[in-house]
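One structure below.
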Amino acid sequence: MTDGGVAVARYEEVADDLREQIRAGQYEVGGTLPRYEDLTATYGVGRGVISSAIAVLEREGLVRPVKRRGLVVLDWTRERRRITRGLLVSRDPARGYVFPAASRPDEPWQVHGRPARAYVPAPPRVAELLGVDQGLPVLRRRRVTSPEGEVPFQLVDTWISPEAVRDAPKVAEPTTGPGGYIDRLEESGHGPISWREYTRARSPEREEYQLLEISPEMPVFEMALLGTSAKTGRIIDVTIRVIPSDRVEMASEMRRSKSAAWPTEPVPGS
């Protein structure tokens, strides 16, 4: 078939039809789509076409395959959160340092499961950022959080260099005290810590999509916050925040330089 003169693949037609039915409420949130066998019969196509159509819906955050249940319909009406990635790091007397985030003022957040800390072999990305050998056991503090009452929103892993743990052993304990692990690092002589953040989009790893309860087809945002010691000039901690791409959008405020001032200066001789 064609759409305005442009050929449309059969799997796209199937995806379009299923998408319309989901948004019309024919398939309720939390319910499931028909089985693959039923879908192939309904649309008169092979399993490959259905697989491609479902992959489209997975990437859009409309469905997710769940073992022993089938293709579960997700809450596609959920509002995306806007994260304004500013440059300002503030400080709360009760919580310590506060970085730009998706939370809203006074909004309660919850932790899914129990926060975990363990020495884990450094994966390639972490080893590269921390400047350690890949596979070296590194302290990782992990938590999965979300606004209260919602599904998991983000996976947050903080990796602390062996050097920093030696200097501030409190960071390896279950409770790091007022101000958190950053205060302990700065108190040990590494302050003031400076930060740089890197953001990229990628496919989720197996453990990530399981913890975040998303499809393997759903891209994620990875935000890596690197803390640099004032004492050594080296990166001493890396916090990697992973957020499903259907739950957030990035916002940045553009600023005018003097050369872009309005009204514009008249051009000589014009």
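The values are calculated or read from the model by the stated rules, or taken from the named source; none is laboratory data. Quick caveat, the model's predicted, so the values are computed rather than measured. No Cβ is skipped: glycine too gets one built from the backbone with ideal geometry, and neighbour counts run over all protein chains shown.
Just one of (1) of a type in the set (Asp, Glu); (2) within 30 Å of Glu107 (Cβ to Cβ); (3) not in a strand (DSSP E or B) fails for Glu197. It is (3). Per this entry, Arg19 is not counted among residues that are outside any loop (DSSP other than H, G, I, E, B) and at pLDDT below 90. Only one of the numbered conditions (1) aliphatic (A, V, I, L, M); (2) farther than 21 Å from Asp157 by Cα; (3) in contact with a helix residue (DSSP H, G or I) (Cβ under 8 Å, 6 or more places away or on another chain) is violated by Ala260, and that is (3). Among the conditions (1) among the polar types (S, T, N, Q); (2) within 23 Å of Pro137 (Cα to Cα); (3) touching a residue at least 24 places away in the same chain (Cβ under 8 Å), the only one that Thr175 does not satisfy is (3). The set of residues from region 207-232 being in contact (Cβ under 8 Å) with a residue 40 or more places away in the chain and in a strand (DSSP E or B) comprises Ala224, Leu225, Leu226, Gly227.
Residues in region 90-122 that are in a strand (DSSP E or B), at pLDDT below 90 and touching an Asp or Glu at 6+ places or on another chain (Cβ under 7 Å): Gly96, Val98, Trp109. Against the definition (crowded, with 19+ Cβ neighbours inside 10 Å, within 24 Å of Leu62 (Cα to Cα) and of a type outside the set (Ser, Thr, Tyr)), how does Val171 come out, yes or no? Here the answer is no, as Val171 does not meet what is asked. Within region 192-214, can one find any residue that is buried (at least 18 other Cβ atoms within 10 Å of the Cβ), aliphatic (A, V, I, L, M) and in contact with a Ser or Thr (Cβ under 8 Å, 6 or more places away or on another chain)? The answer is yes; a qualifying residue exists. Within region 127-138, can one find any residue that is farther than 27 Å from Glu249 by Cβ and assigned to a strand (DSSP E or B)? Yes; the residues of region 127-138 include at least one that is farther than 27 Å from Glu249 by Cβ and assigned to a strand (DSSP E or B).
Check whether at least one residue in region 249-266 is closer than 20 Å to Gly180 by Cα and either assigned by TED's automatic domain parsing to the domain that holds Leu88 or of a type in the set (Val, Ile, Thr) (or both), and report yes or no. No, region 249-266 contains no residue that is closer than 20 Å to Gly180 by Cα and either assigned by TED's automatic domain parsing to the domain that holds Leu88 or of a type in the set (Val, Ile, Thr) (or both). Against the numbered list (1) among the acidic types (Asp, Glu); (2) at pLDDT 95 or above; (3) surrounded by 15 or more Cβ atoms within 10 Å (Cβ to Cβ), Glu187 comes up short only at (3).
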